[in-house]
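The values are calculated or read from the model by the stated rules, or taken from the named source; none is laboratory data. If you're wondering where the values come from, they're calculated on a predicted model, not measured in any experiment. Methodologically, a virtual Cβ is constructed for each residue, glycine included, from the backbone with ideal geometry; neighbour enumeration extends over all protein chains shown.
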Amino acid sequence: MMGDKDIAFPHLNIYLTNVPKTFSVFGFQIALYGCLIATGILLGLCLASYDRKSRGLDPNPVWDCALYGIITAIIGARVYYVIFAWDYYKDNLLSIINLRQGGLAIYGGVIAAFLTVFIVARSHKEPVLELFDSIALGFPVGQAIGRWGNFFNREAFGDYTDNLLAMRLPLAAVRSWEITDKMKEHITDGVNYIQVHPTYLYECCWSLCLLLCLFLYRKHKKFSGEVFFLYLLGYGAGRIWIEALRTDQLKLPVIGVPVSQVVAGVCIIVSLTVIIFFRIKKGREKITVTGE
């Protein structure tokens, strides 16, 4: 039997007891979810600033964008989530502003953040795509760290699995509507837990691998904005297969397709198109200059 606050990875022989969602400071409860997101954002900004410095560029625009981008990213992530989970929130309007329960959609945050960066960069007459390239390095950092908030909140998991990384969560700790028929088939007498894909862990690992690839490639890019588009391409590719495993998908009305898969697919197509176009253009320019 599992305790209500336990989390286990049985095939790895890892059994965690009394895993908290919050910690107390002077009697005030602080959510680990928010702390991890804040930590991820800060480290992501530091990496973006470092990238600018290493390429001989002024790092200050990164921090200027952060003043507005952090707020708009959180609002965007929440609005995106609420829009596509409206059936729940329409009868619980006060829950819309309760971020302590989770419910932030990464794509909403990414869209809002980059729109803010675009506006701030243009107002400061900074090359937009160069700034995008640096900030794109910070996003995988934030996503890798922030996803662990889902671990502490016992959310954003996948369907039943018995693979090496299978994670067990107590039934009392998860929302009933995220328990699928496949999970129920394995809830027999005496079993008070579900065993699922730890999709937060999959996305964390995918984001770290993407970060490594982008970081190693950044000084070899062929045009301004290439790192940004490679980020959209790489993250989109990972999100498509990870989203397919999750049980808390936000879906488009009528057609019932997961929103994140559609957005990821669009990002992949647009990014590939842009990268191919500019690489061909750069190749032709090189031939013209060298006379080959």
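Quick look at the numbers
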{"read-out": "Test: GLY190 is surrounded by fewer than 21 Cβ atoms within 10 Å (Cβ to Cβ), assigned to a loop (DSSP other than H, G, I, E, B) and in contact (Cβ under 8 Å) with a residue 12 or more places away in the chain", "value": "yes"}
{"read-out": "Residue in segment 108-125 that is in contact with a Lys or Arg (Cβ under 8 Å, 6 or more places away or on another chain) and either in contact (Cβ under 8 Å) with a residue 40 or more places away in the chain or over 17 Å from ILE37 (Cα atoms) (or both) present", "value": "no"}
{"read-out": "Subset of segment 243-279 [assigned to a loop (DSSP other than H, G, I, E, B) and among the hydroxyl-bearing types (Ser, Thr, Tyr)]", "value": "THR247"}
{"read-out": "Qualifying positions in segment 158-187 - β-branched (Val, Ile, Thr) and free of Cβ contacts under 8 Å to residues at least 24 places away in the same chain", "value": "VAL174, ILE187"}
{"read-out": "Where PRO59 falls short, out of the listed (1) modelled with pLDDT under 95; (2) in contact with a strand residue (DSSP E or B) (Cβ under 9 Å, 6 or more places away or on another chain)", "value": "(2)"}
{"read-out": "Residue under evaluation VAL117, criteria (1) more than 13 Å from the chain's Cα centre (by Cα); (2) aliphatic (A, V, I, L, M); (3) at pLDDT 90 or above, criterion not met", "value": "(3)"}
{"read-out": "The listed residue being under 25 Å from the mean Cα position of the chain (by Cα), within 24 Å of ASP133 (Cα to Cα) and in contact (Cβ under 8 Å) with a residue 40 or more places away in the chain, out of ILE7, ILE41, ILE75", "value": "ILE41"}
{"read-out": "Checklist (1) out of contact with any strand residue (DSSP E or B) (no Cβ under 9 Å at 6 or more places or on another chain); (2) among the polar types (S, T, N, Q); (3) under 24 Å from GLY236 (Cβ atoms) applied to SER176, failing item", "value": "(3)"}
{"read-out": "Residue satisfying condition, being within 30 Å of ARG55 (Cβ to Cβ), assigned to a helix (DSSP H, G or I), free of Cβ contacts under 8 Å to residues at least 40 places away in the same chain and not aliphatic (A, V, I, L, M), within set TYR217, TYR235, TYR231", "value": "TYR217"}
{"read-out": "Segment 142-192, residues that are among the polar types (S, T, N, Q) and over 25 Å from the mean Cα position of the chain (by Cα)", "value": "THR188, ASN192"}
{"read-out": "Residue list for segment 164-187, filter: out of contact with any Pro (no Cβ under 9 Å at 6 or more places or on another chain), of a type in the set (A, V, I, L, M) and in a strand (DSSP E or B)", "value": "LEU169"}
{"read-out": "Given (1) buried (at least 23 other Cβ atoms within 10 Å of the Cβ); (2) closer than 28 Å to PRO258 by Cβ, number of the condition LEU36 does not satisfy", "value": "(1)"}
